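Participant: First, the structure itself, so that you have it in front of you.
Each value in this text was obtained by applying a stated rule to the coordinates, not by laboratory testing. Quick caveat: nothing in here was measured; it's all calculated off a predicted structure. Glycine gets a Cβ as well: all are built from the backbone with ideal geometry, and neighbour counts include every protein chain shown.
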Amino acid sequence: MSSQPDRIVAVATGYMAAKQLFSASRAGLFAALAAGPATVAELAARTGLPERTTRILADTMTGLGLLDRADGRYANAPDAARHLAGAGDDVDLRPFLTFLDGISYGHWLAFDETVATGGPAPLDLGGERMTTFLTGVMTYNALHAKMLAKLYDFSGHRRALDFGGLSGAFLAEALTSAPGLTGVFLSGGQLTGHARKTLADAGVGERVTVTESDVLTGEVPSGFDLVLLEHVVHRYEPEQNVRIAERARQAAAPGARLLVLDFFLDDEPRQRTLDALHAGEYLMIDGTTVYPHDEVCSWLTGAGWEPMETRALPGCPRVIVAQAN
């Protein structure tokens with residue numbers, strides 16, 4: 001194994017890369033390149049930035065692989081063109097970056113206190129900050145839903161239950177990919193209103209019943225051949241998650257599939273970084289928990305589910321695929 005300091009330096013300076021990415025997105029650097037490749041002077045004119053800072057941002061994004069550079073002209077790399085330029089039909093991640101920059105980044109300055117106390121620092125979500133928070137989180141969820149629909153075939157299912165989920169995007173993507181599928185979105189509070197709009201905007205609202213109910217105590221419909229637990233596990237305590245897994249099994253028909261989408265810790269020689277980073281993020285933001293993968297699987301097994309496989313979604317959480325016994 002190499003003993004060079006490269007990895008240490010790369011991690012230690014990671015905040016510089018993140019902050020420059022946020023600034024480049026906010027300044028419209030990627031959007032400006034949607035019109036075509038540009039020199040520093042041309043890019044500065046398009047964005048209204050000084051040439052000096054334009055060069056710094058463009059070079060950093062090139063180093064990070066988000067821009068390509070040839071003959072002194074910069075162009076969006078495919079992933080930047082798809083998700084940061086506002087020019088495609090895929091998930092525009094700029095609201096997610098705005099959330100990370102405006103809410104999460106500053107909050108992490110209190111991480112030492114959180115490490116020492118084991119609890120989240122006070123989070124200010126007053127005024128427009130709540131809108132920034134919700135828009136960013138739902139944007140990232142929309143990406144998760146897209147990635148899940150690419151890696152899981154929903155066409156074999158006929159009736160799906162999104163049980164206690166955060167976003168209607170998961171059912172929207174599932175129903176879009178499987179025209180014969182209908183669904184129920186059951187969750188609480190303002191999440192149902194957001195889900196209703198998301199499903200309607202996707203053109204599948206007539207195929208989904210949106211129900212406001214408590215995932216722990218409310219009435220559970222039944223007869224589903226697919227149950228989704230998307231971003232549910234990390235929001236609840238262990239004994240509550242056991243109950244949710246049992247209630248999900250009550251909702252399922254024999255042989256039904258369960259998809260548990262969340263971040264998980266693991267026992268591999270090298271932990272998947274994205275999951276561990278979100279363990280810190282969830283603790284910082286609201287004190288919720290990223291649980292070990294094996295612990296979650298034990299809850300499922302005890303509730304009558306057989307875990308079959310776990311798939312990692314690129315840039316997103318993982319999903320445990322289980323089957324009803």
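Participant: Checking the a/c ratio against 1.5 first, then a/b against b/c, what shape does the Cα gyration tensor give for the range 124-257?
Facilitator: In terms of gyration-tensor shape, oblate.
Participant: Of the residues 280, 88, 28, which exhibits the maximal mean-square fluctuation in a Gaussian network model of the chain defined by a 10 Å Cα contact cut-off?
Facilitator: 88
Participant: What list do you get for 187, 213 if you sort them by fewest beta carbons within 10 Å?
Facilitator: The order, fewest Cβ neighbours first, is 213, 187.
Participant: Would you please give the residues with an amide H less than 5 Å from that of residue 265, counting only those at least 5 places away or on a separate chain, with H modeled from the backbone geometry?
Facilitator: 291, 293
Participant: Quick check on the exposure proxy: order 299, 305 from fewest to most C-beta atoms within 10 angstrom.
Facilitator: 299, 305
Participant: Let me ask you something else. Go ahead and estimate [θ] at 222 nm for the chain from helices alone: -39,500 (n - 2.57) per DSSP H run with n ≥ 4, summed, over the residue count, rounded to 500.
Facilitator: That calculation yields -13500 deg cm²/dmol at 222 nm.
Participant: Sticking with the crude label model, points 7 Å out along Cα→Cβ, report the distance from residue 13 to residue 45 in nm, one decimal please.
Facilitator: My value for the distance between the label points is 3.2 nm.
Participant: Right, next: Normalised by the residues of the chain, what does the relative contact order come to in percent, with Cα pairs under 8 Å and at least six apart?
Facilitator: Relative CO of the chain lands at 12 percent.
Participant: What is the fewest-to-most order of 266, 112 by other Cβ atoms lying within 10 Å of their Cβ?
Facilitator: Ordered by Cβ neighbours within 10 Å, fewest first: 112, 266.
Participant: While we're on this one: Going by the alpha-carbon gyration tensor, a ≥ b ≥ c the square roots of its eigenvalues, is the chain rounded (a/c under 1.5) or, if a/c is not under 1.5, prolate (a/b greater than b/c) versus oblate?
Facilitator: Prolate, since a/c reaches 1.5 and a/b exceeds b/c.
Participant: When a/c is below 1.5 the answer is rounded, else prolate if a/b is larger than b/c, else oblate, so apply that to the range 6-90 with a ≥ b ≥ c taken from the square roots of the Cα gyration tensor eigenvalues.
Facilitator: prolate
Participant: Taking just the alpha carbons, could you work out the radius of gyration and Dmax for the range 182-259, both in angstroms?
Facilitator: Computed over the Cα atoms of the range 182-259, radius of gyration and Dmax are 12.7, 37 Å.
Participant: Relative contact order of the range 6-90: what whole-number percent is it, with Cα pairs under 8 angstrom and at least 6 residues apart?
Facilitator: Normalised by residue count, the contact order of the range 6-90 is 31 percent.
Participant: In sequence order, what are the phi-derived ³J(HN,Hα) couplings for the range 249-254 according to the Karplus relation 6.51 cos²θ - 1.76 cosθ + 1.60 with θ = phi - 60°, rounded to whole Hz, with x for glycine and proline?
Facilitator: Values per residue, Gly and Pro as x: 5, 4, 7, 9, 6, x Hz.
Participant: How large, in Å, is the range 139-198 by the Kirkwood hydrodynamic radius built from its alpha-carbon pairs?
Facilitator: Result for the range 139-198, one decimal place: 11.5 Å.
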